[in-house]
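The values are calculated or read from the model by the stated rules, or taken from the named source; none is laboratory data. Bear in mind the structure is a predicted one, so any value in this text is a computation, not a measurement. So basically every Cβ, Gly included, is an ideal-geometry build from the backbone, and we count neighbours across all protein chains shown.
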Amino acid sequence: MAMAVIERIPALRVWLGEARAAGRRIGLVPTMGYLHEGHLSLVRAARGDCDIVVVSVFVNPTQFGPNEDFDRYPRDFERDRRLCAEAGVDAIFHPLVDEMYPSGPPFTTVSVSRLSAGLCGRSRPTHFAGVATVVAKLLNIVAPDRAYFGEKDYQQLAVIRTMVRDLDIPVEIVGCPTVREPDGLAMSSRNTLLTPEARAQAPILHRALLRGRDMVASGEADPCAVTEAVREMIQSADLAEIDYIEVVGTDDLQPPARLDGRVLVAVAVRFGGVRLIDNTVVGNGSA
C-alpha cells in the first residue's frame, strides 16, 4: 500500500477510522519535519510495535517565542516524504497552520505547571504551553495507541507524560534514546543551521555531560560541583553562550540539595545564535 499524505483533519480521521475498525494498533511520531536519524529511530520503534505508523510533519508556531527561529527553522517536505516512505511509514499528516489553528492562535491552551517552569522554560516561558497544546491536538486527532518522543527533549517528554496522565488521554507515551552523530553531538534539525566552526565546537556539550555523568557515578553529591565542572568544560569553546546547566531530579525536574538516586544533567547552549540542548541521566539504575 502506498504511503498516504494527508493535509486535512477530517480526511485523516476517516483514513484512520478504517484501520481502527479493523483492530489495527496505531503509532504516532510527532515531528516538525526536516527529518534525521533521530526521528527515523522513533519511526522504527513505532514500526516494531504498531500496525499503522503515522508521522506528523508540522512546524508549530505556538511553541516559538517572538524572537525565536520559526522562520529559520529548516523545512524540506519532499525529503521528509522520501525518508518516511523508505522507513515504511503508512501516512504523513502534513497540515497547514490554518488547518491546526483556523482562528489564529488558539483561545484554549494546555499548560503543565512546575515541570514547564525551569530548564528551557526559564528562557522560553511560552514554549511548553505551545508544545503541550499541539501535542494534545495531535493526540485527539490521531487517537494513537502509542506516541513516540525522543529523550533528547527530556523536559518535553516529562511535560507530555504528565499532561497525558493528568488529562486521562488514552495513549502510551514511549520515550526513545537520544541518537548521536559519530562525534557525540545529539542529532537535531537545528544542527543544519550551525556554521562549520560552530559545528566543530558543538560536540563539547556531550563531552561535558559525560564529565558530569562520571562525577555523579563516582559519588559526587554536590550538584554545584557537577554544574561547575560541566560549565568549565563548555566555556572552553569560544563560541559557546550558555543558557543553563542544571542538575535536577528525573521525575520532578527540581534541583536537589544533594545528589541521591537518578538525576538529569541538562544543558542549553547557543553556538553562533543556534540554541542546542542535550542531557544525560545518571544515578541508581541508570545506564
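When you scan region 35-146 for helices (runs of 4 or more DSSP H) that lie fully inside it, which ones turn up with 3 or more residues that are acidic (Asp, Glu) and modelled with pLDDT of 95 or more?
Those helices (runs of 4 or more DSSP H) span 77-87.
List every residue pair whose Cβ atoms sit under 7 Å apart, with the two residues 6 or more apart in sequence or on different chains, where the first one lies in region 234-262 and is under 22 Å from Leu205 (Cβ atoms) and the second, anywhere, is of a type in the set (Lys, Arg) and in a strand (DSSP E or B).
Glu241/Arg270; Asp243/Arg270; Asp243/Arg275
Name the single residue, out of those in region 66-114 being among the β-branched types (Val, Ile, Thr) and in contact with a helix residue (DSSP H, G or I) (Cβ under 7 Å, 6 or more places away or on another chain), that is farthest from Val135 (Cα to Cα).
Val89
Output the qualifying pairs, or none if there are none: Cβ atoms under 8 angstrom, residues six or more apart or on different chains, first residue in region 18-39 and basic (Lys, Arg), second residue surrounded by fewer than 16 Cβ atoms within 10 Å (Cβ to Cβ).
Arg24/Asp51; Arg25/Asp49; Arg25/Asp51
Quick test of your reading of the structure: Ile169 fulfils all but one of (1) outside any loop (DSSP other than H, G, I, E, B); (2) under 23 Å from Leu253 (Cβ atoms). Name the failing condition by number.
Exception for Ile169: condition (1).
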